[in-house]
Each structure stands twice: as structure tokens, then as C-alpha cells.
Amino acid sequence: MVSDISELRQDFPVLERRVGDEPLTYLDNAATTQTPTQVYEVYEEFYEGYNANVHRGIHALSHEASIAYEEAHDRLAEFVGASGGREEMVFTKNTTEGINIVAYGLRDQLGPGDEIVLTEMEHHASLVTWQQVAERTGAEVRYVRVDDDGRLDVEHAKELIGPDTAVVSVAHVSNVLGTVNPVETLAELAHDAGAYVLVDGAQSAPTRPVDVEAIDADFFAFSGHKMAGPTGIGGLYGKRHLLEELDPFCFGGEMISHVTFDDAKWNELPWKFEAGTPPIASGIALAAAADYLDEIGMERVREHEDELAQYALERLEARDDVETYGPPPGVERTGLVSFNVEGVHGHDLSSLLNDRGIAVRAGDHCTQPLHDVLDLPGSVRASFYVYNTTEEVDRLLDALDGGPGHDGVAEQVEEYLASDRYHDRIYEHHRNPHNEGGLDDPTLRKHSEETTCGDEGEFHVDVADGTIERIAFESQSCAVSRAVASILSEYLEGRTLEEAASLDGEVAAMLEGTFPDLRRDCVVGPEEVISEAAREYLDGERAAVAGDD
Ligand code: PMP
């Protein structure tokens, strides 16, 4: 465990702030970590001292900026264990862009009969990108199963990875389960099959020592904002000979060495992948983040992550009303635990926790297919970093316990909704929803899934002569969204489909803005769903009439 945490926390002034009347307990680090002064001071130094464009200018400022920016590449290469220096380290916007660079570069090598092997725990950054490559090339995507303990089924990987495999793209660490995947084994399987291996290091580069050469990764992508660095900058490691072969993704200045009216030659590595003026200060700040973490020691970061996760897991599992996901206690995981509390939607829970100053994330965490495998609309995730303490985990658990009266979580949510932050109608409709259920053979039905917060529901509507005769809804959404669906169903009964199609903030107006801004999406979301359904239906009818003509 990082021993001198109170000293280390002083590097992060934001941790001193309050949310409302409560001290901030920041447990959303798998989304974005906080940035220490040592990192953001780089911006001041850069803009005060040597702000200039890189590579081009023969003047002192440009020279200094170029050296700092280029050396930052060497620093990040070293940070992930690449011995080839800057030529093996491309700066990107984030992990997503790194994965896209590789996918774009490899797509010409893929075609029908080729297979791209991913895992069921992939983030959308990888999953959607490779799906698109498959769609455009005729290759097929296959998924290595996750077992009941949230671990990768390596035997299944062995079955899937074979002569037809062209690419294996795998998350090093799952951002939902906390599982640390055996990427060395997967790289070996991939290479034996003659396939490339791309490791998504978004959750591993920040949390453990990474050695891309020991893993034998062909490519490794990561994000600065998850490793105490700034947003808008990340890295893509690639073996030098593979980056040389890869086509760039973006064209323009800086990425060329020679241009004629007919043709252009690409610049040397890594600049061939960094078209246009890069985020210079952010790149230099990313190197400062690597320095900061190495000063702590990545092995200590890894231990700290695991210890906090095990502690949180133990305390959460001790509760009868909580279900956790991912490897069982005792199995190494990164510093995060995803869970659900019985009978409480994650979105409601995270609102409640926010009220206590605790920042967690609820939803599908950009892994909708994994949540389908887990048969969950979403989960709540508490994720830790070097500055988090066991006391902060206790604060989370105490908040679940409730205040002095020790109310259960569901009771606390009730109280929260009954509070004067919300319009009385929300509470009334939450307690007594109208039109909940389904209709037999409705005229139109609209299913919706809100991927960010894990809401899911379906509206059923019976229409006669353009008028909504009956409307009902089924919902696995948060309490606010469900209450709004109920209010909306009451409002729309007897109105025309045209009126439904042109809904524009009616519910928010009815509630006179009496709800926290944080819940605006829950208030307008159901309205957007039903108005889209009405528009689609009316468009369909118009098209049918036009066809009849
Ligand atoms: N992969 C994983 C495993 C992640 O956790 C994330 C971020 N949640 C990403 C990819 C995408 O990172 P970014 O949004 O910084 O591109």
C-alpha cells in the first residue's frame, strides 16, 4: 500500500474540495484520475516559458518545445517497457484513437475468412472499432468467453485462436470486472497463429508495471487521463517494424517528409502518425505524469490498487443486499469493484452517493455486451487510485448503511426522492406509477436502452385515428426515469401522435425545474423516446400513403 498517502494527497488540491456540504470522496478513477500539481504545472511552465510549435522553427522557443515534446515520447516508451524509444511511441488523443490507428492500418490486410478475436469484456473502444473493420472487410469478429468468476476462459481462447485469426485485440485489465487478463498467453497464442496482438492498456498502464516487450504485444494503447495525466493525450506503442508497415490514419503537415503536387512521402516514426500540430503541452505533461507515477513506484501502485479493491470487495460482499461482479476475493484485481444493490437502480444510488460527496459511476461503463452477458442493465462502479484510502472505502460503505437510523439503501433512495429537491409529482408517480405494464398487440412499441446510465424500458401505444388511446410502459430504469414515464403516459393519453412527435421539454416544464441538474437526462429521456417512436410511426404512415399513390 502507498504508505505516505496524506502527504501524497497534498499533490491533488481537488481532493480537498467539497461537494455541497460533504468532503469529496472521488471513486471514479477508472473513468478519469485526478491530476497532481507536478503535472499541471507543466502547462504554466510551457505557456510562460517556451510556447511554440514543434519540429519546424529555427528559434529558441521552438527548439526547446521540440526537445521537450520529443523526449516525452522517449519517456512514455520507457514507461511501458519499450526499448525502441520515440520511434515506438505515437502520441494519440486517447486509447480509442490508438486502437483506431491500428484497426485502420490493418484493415487492408483483412478480408472474408479472416477472424478478429476479442473478448466479451472489451470496451466499446475496441469492440465497436473492430466490428466496423469486420463490416467493411468481410472479416468476422469472435469473442472469448468470460467465465462465471469474471475471468477469461483461456481454454476457449485456445479454441478460437487458430489459422484464420488475423488479429487478437484484448483488454489487459477489465474496466468493469477488474480482472487482469493473461495477455502474455494470449499474445503467444496469437503469434503462434500468425496474428497481430493489440493490448488495450487503458486500465493497466495507470495501475501496474507494464512491459510491452515481456508481454510481446505488437501494439499497446493507453490514455493519459487515467494515469494522473491530462485529458486529450494518450499513447500507442507499436513494434517498430509494424508501425513502419502501417498506413497512417490522418494526413497533413508534420507527418510527411517530402511533398510534390502528385505525391507525398511519410515522415519517420512516430511523426508519420501525428499529423498537424500536436497537443504539445499535454504531451510534455504526460511525461510528467509518468515521472510522478514512477516516483511512487508502479509496483506499489499495483499493490495499493489490489489492497483497496480487496477491502472494498470484502466489505461489499458482507452485505446481503449487494451483488458484486468480477473475480472472487483473493484473486488479484485492479482497483475497482462493480456492484448492484438489490432493488435499487445504479443511477439512483449514484445520485444518493453524490449527495454524500461520493463520486462513483453507474451504467454499462462502455461495455454493453458484457452487461448483456452478465444479464444486467448496468452496474455501479467504485474505482480507486493512489490517493484513495481505506477510510474512503468505509465512507462508501457507511453511506450504504445510511445515517444514524441505519436505513437500508432502498429507504434512503425513497427519502432522497421525497426530498424537496424533486417536484412532488416525481415522488407521487414513483410511489404510484400509472400505466405500468404492457398492452396486448399495441399499435406501436418502442424499446429503449440508455447506455450511459443503464436505463432500459419499452413504451406500448394504442392509436386510433391518429389519437393515443392507451399508453403503457415497462421499465428497468431509475426511479426518476420511471416516474417521468408514468407522468408522460398520463399526459399523452388522448393527445394526438403529432403532439407526441413534437414533445419538447413538456415534462421538465410540468416539473418546474424541481429536480437536480444531474438528473435532467432522466427527465427528458423518456420524452425523447416516445417522440421518436411517434415520428417513426407517422413517417411510416406517410410513406405508406405515398406508396399507395
Ligand atoms: N478501454 C478500456 C478498458 C477503458 O476502460 C477505456 C476508458 N473507459 C477505454 C478503452 C477508452 O479510453 P478513452 O476514452 O480514454 O479512449
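Rule-based calculations on the coordinates, nothing more; no lab input. Note that the structure is a prediction, hence the values are computed from the model and not measured. Using ideal geometry, Cβ is built from the backbone for each residue, glycine included, and neighbour counts are taken over all protein chains shown.
Tabulated values for the structure
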read-out: Ala72 part of a helix (DSSP H, G or I), under 26 Å from Pro13 (Cα atoms), of a type in the set (Gly, Ala, Ser) and more than 16 Å from the ligand (Cβ to nearest atom); value: yes
read-out: Test: Glu541 is farther than 26 Å from Cys366 by Cα and free of Cβ contacts under 8 Å to residues at least 40 places away in the same chain; value: yes
read-out: Matching residues in segment 142-182 - criterion: being more than 21 Å from Ser338 (Cβ to Cβ) and either within 14 Å of the ligand (Cβ to nearest atom) or in a loop (DSSP other than H, G, I, E, B) (or both); value: Ile161, Gly162, Pro163, Asp164, Ser169
read-out: Identity of the residue in segment 115-133, crowded, with 19+ Cβ neighbours inside 10 Å and farther than 22 Å from Asp153 by Cα, that ends up farthest from the ligand (Cβ to nearest atom); value: Val133
read-out: Qualifying residue in segment 450-469 (condition: within 23 Å of Asp420 (Cβ to Cβ) and not in a loop (DSSP other than H, G, I, E, B)); value: no
read-out: Output for segment 330-348, where each listed residue is away from the ligand (no atom under 16 Å from the Cβ), among the hydrophobic types (A, V, I, L, M, F, W, C) and in contact with a helix residue (DSSP H, G or I) (Cβ under 7 Å, 6 or more places away or on another chain); value: Phe339, Val341, Val344
read-out: For Gly232: the one exception among (1) within 16 Å of the ligand (Cβ to nearest atom); (2) surrounded by 23 or more Cβ atoms within 10 Å (Cβ to Cβ); value: (2)
read-out: Any chance Ala287 is within 22 Å of the chain's Cα centre (by Cα) and crowded, with 23+ Cβ neighbours inside 10 Å; value: no
read-out: Filter result (surrounded by fewer than 24 Cβ atoms within 10 Å (Cβ to Cβ) and outside any loop (DSSP other than H, G, I, E, B)) within segment 198-224; value: Glu213, Ala214, Ile215
read-out: Where Ser351 falls short, out of the listed (1) within 16 Å of the ligand (Cβ to nearest atom); (2) of a type in the set (Gly, Ala, Ser); (3) crowded, with 22+ Cβ neighbours inside 10 Å; value: (1)
read-out: Verdict on Arg425 being among the basic types (Lys, Arg), crowded, with 17+ Cβ neighbours inside 10 Å and over 31 Å from the mean Cα position of the chain (by Cα); value: yes
read-out: Positions within segment 438-457 being within 21 Å of Arg495 (Cβ to Cβ) and within 25 Å of the chain's Cα centre (by Cα), in sequence order; value: Ser448, Gly457
